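These notes are about the structure you will find just below.
Just so it is clear, none of the values below were taken in a lab; they were calculated from the coordinates. This is a predicted model, so every value here is computed, not measured.
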Amino acid sequence: MLKYIKHYAESIDGITIYPVISLLVFFIFFVAVLYHVKKMNKEKADEISRLPLEENTGNKEAHHFENFKHA
């Protein structure tokens with residue numbers, strides 16, 4: 001099966017550019033996320049880091065789920 005796909009892919013003209021494009025998209029996305037995290041203020045980062053640990057989030061859906069769980 002892989003041999004068939006490899007043979008088919010080799011017959012397509014200009015297919016060698018797609019791995020380069022995908023690498024560039026990944027690298028640009030990674031750098032953008034890294035830049036966003038570096039520019040984030042410390043208070044916001046601390047707030048986000050505490051989210052999974054907070055019990056009372058004030059979210060109505062979470063409260064509804066807790067009521068459903070106890071019923």
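Brief remarks follow.
- Whole-percent P(r), the stretch 1-40, all Cα pairs, 5 Å bins from 0: 5, 21, 14, 15, 12, 10, 8, 7, 6, 2.
- Fully extended contour minus Cα-Cα distance, from Y35 to S49, at 0.36 nm per residue: 3.3 nm
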